[in-house]
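Before any comments, here is the structure.
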Amino acid sequence: MTDYSKLLTPYQLKNLTFKNRIMSTSHAPAYALDSMPQEQYQLYHEEKAKGGLALTMFGGSSTISPDCPASFGQLAVGEPRIVPHFKKFAARIHQPGAKLMCQITHMGRRTRWDSGDWLVPVSASNRREHEHRSFPKAMEAWDFPRIIADYAKAALHCKEGNLDGVEISGSGSHLISQFLAIHTNDRDDQYGGNLEQRTRFALEVIKAVREAVDNEFVVGMRLTGDEMVKGGLDAIQCVQVAQTIANSGLVDFINIAQGAAENYKVLVPFIPNMNHGLAPYLYLAAAIQDRVDIPVFHAGRIADVDTAANIINEGHLDMVAMTRAHFADPYIVQKLKANTPHRIRKCVGANFCIDRLYKGQQAFCIQNGASGREAIMSHQLEKSDTTKKVVVIGGGPAGLEAARVSAERGHKVILFEANAKTGGQINVAAQATWRSNLMQITGWLNDEVEILGVDVRTNTKATAEMVMDESPDIVVVATGGAPNKGFFEGHALAVSGWDILNQTESIGQDVLIYDDHSGHQAVSCAEVVAQTGAKVTFVTPENAIGQELGGTNYATYMENLHKLDVKITPDLRLILLEEENGRLKATFEHEYSHLEEVKYADQIICEHGTLPNDSLYFELKPHSTNLGEMDLTALTQVQPQTIEHQPNGKFQLFRVGDAVASRNIHAAIYDSLRLCSAF
């Protein structure tokens, strides 16, 4: 049995006492309003503090200078108007006994020239960054004192705002790391050349920050353990940089990351997805911890408390960071102290949160609909004033969440599932190579509904008569969707990805996969098919595959598909599928030239989302009080549904998830959470 005692033991850092060894590192969830950490931002972190976290860091990539605009949802820490927000923020976090720190940085070339005030980005050299596509100006002599002073001013704002410390970013392909690495620094002055000279800018920044905030205020630095990119810092050089920074006597801790973030390929190790094991880059932080005399922190897919405890017990780190893990469950520490670690909702590494950021959206957890929505959603549900009987039809993520939330509210819940086991479409998705961790989502939900006493009836295909025989007060239809191959002529000749992943269809030798969805479904299926040795052609009407994917998953798919020699063809729309001489003939129309193109295959797999399994819903509608209508305003405000069209109806009726329309796991869970929280 894992010993959690040291993990829960207080830790002293300078004048700060952390109540345990668990923390969350700086990140930018895009909750800023007017570049300030206002209510949504603060409530998100406050929930983790209430859940027992010792240190929550915020403000990933927070900007300090005009030529580093806060145009991607970051905070503008260089502006004095942030101080009152910091004071309010700190008061929230300190009340439950947690500590609060902010990251400050200059992004250098890692920004857009056509955002903010349209100022030219700067860097060590004028080498372009591929992700943001900016050509930076090599910093001139007058840029150095200006930017260094901005770092110092931003750090002072953190101190004036009653924060407990500040973290300077020297990783993540930001400006300081652009000076450290050879492939981004070809200067021939005192800031270029050997590693000692390339570290000069970092030391000048740290010195200015320390002078601005005095010796009592905690100052740390985020560094890289290995950039894992050609021309970047390797593990040996990263140890040397860490030693130089630590030996300066100017910083109080080092926080170790890994990888870089200058393109999608190197972004994957920087924010490891479920293709990685647990704590895959701990060895880099541990190597630095062995060679410096100041505390070392680290985050990197440390998703469960057993791994965290072992890291601390074995002395690899001084504080262990569980950042995405607290996005999935902000009450990790509280549950651990209550001796209920089995009830912790574990991060599965889907990176839905991060990938949304890379598409310009706010971060949300794939399985926790309340994270980031604390102003309207509660993580800890209160009991309802009245007890109702709730019947849930369907045991996928939407149905399981509806059952869990309703039971947490104190209602009597029955769940009908037609199949032998619950899980719905997650059972299909998890069959796709490295996506098996998705099963942990429904695994946790299954455990919770069992603990909460939900009456789960598997192998039971519900009928309208069966539902009404239960005399329910509320019926939630969560019957999901069926695979949709598309609406082109001859679609019946194709098979679906579900057929392949569920092994109800054998895989052909010459396979064409047509994807008119652009999510995980078709690309993950393509991996499975190609791994059998089949020849695979991947066709999409989009201008590139995986348009709905974010950077941390897209790169993994692309690397795997290219290694498997999958041929990718964009811009073609399937219009006709027919048989010809024992093979399948697919006729496509080019999206732009409108010319037709024909391809042949032994098997054609088509992906076009799902169609709702809604027949039972429509059977039940005439018997309901609301005729299935949902008050959308009440739903978005998490208020009770009160629409009544038929006073003599037998129950309220609602449908959620893919039973409404084809979407994703998060949408299904969020549907049920906000609906059932108000029952």
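Bear in mind these aren't lab numbers, they're just calculated from the coordinates by the rules spelled out. All figures in this text were calculated on a predicted structure; none of them were measured in a lab. Neighbour counts run over all protein chains shown; Cβ positions are idealised from the backbone, glycine included.
Numbers for the structure displayed
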| quantity | calculated |
| --- | --- |
| Ranking of VAL251, VAL405, VAL495, VAL477 by count of other Cβ atoms within 10 Å, fewest first | VAL495, VAL251, VAL405, VAL477 |
| Label-reachable residues, segment 53-88, where backbone N falls under 19 Å from a point 7 Å from GLN380's Cα toward its Cβ | 53-56 |
| Positive-end residue, segment 485-608 charge dipole about Cα centroid, Cβ charges, pick of GLY582, GLN531, GLN547 | GLN531 |
| Charge dipole of segment 11-357 about the Cα centre (unit charges at C-beta), most positive-ward option of LEU267, LEU357, TRP118 | LEU357 |
| Order of LEU611, LEU452, LEU180 under a 10 Å beta carbon neighbour criterion, fewest first | LEU611, LEU452, LEU180 |
| Listed peptides 647-657, 59-69, 203-213 by packing density, highest first (mean Cβ within 10 Å) | 59-69, 647-657, 203-213 |
| Percent of beta bridges antiparallel (DSSP, the chain, rounded to nearest 5) | 25 |
| Lys, Arg +1 and Asp, Glu -1 on Cβ, resulting dipole of segment 470-555 about Cα centre, debye, nearest 20 | 260 |
| Residue exposure sequence - ARG81, ARG127, ARG345 - by fewest surrounding Cβ within 10 Å | ARG81, ARG127, ARG345 |
| Ranked by how many other beta carbons lie within 10 Å on average, peptides 157-170, 585-598 from highest | 157-170, 585-598 |
| Pairs beyond 27 Å (Cα-Cα), from LYS230/LYS563; LYS389/LYS461; LYS88/LYS359; LYS19/LYS335; LYS50/LYS383 | LYS88/LYS359 |
| Contour excess over end-to-end distance, with Cα ends at GLU39 and ASN162 and 0.36 nm allotted per residue | 42.6 nm |
| Cα-centred dipole magnitude for the chain, charges only on beta-carbon of K, R (+1) and D, E (-1), debye, nearest 20 | 1680 |
| For segment 485-608, size of Cβ-based charge dipole, Lys and Arg +1, Asp and Glu -1, in debye | 300 |
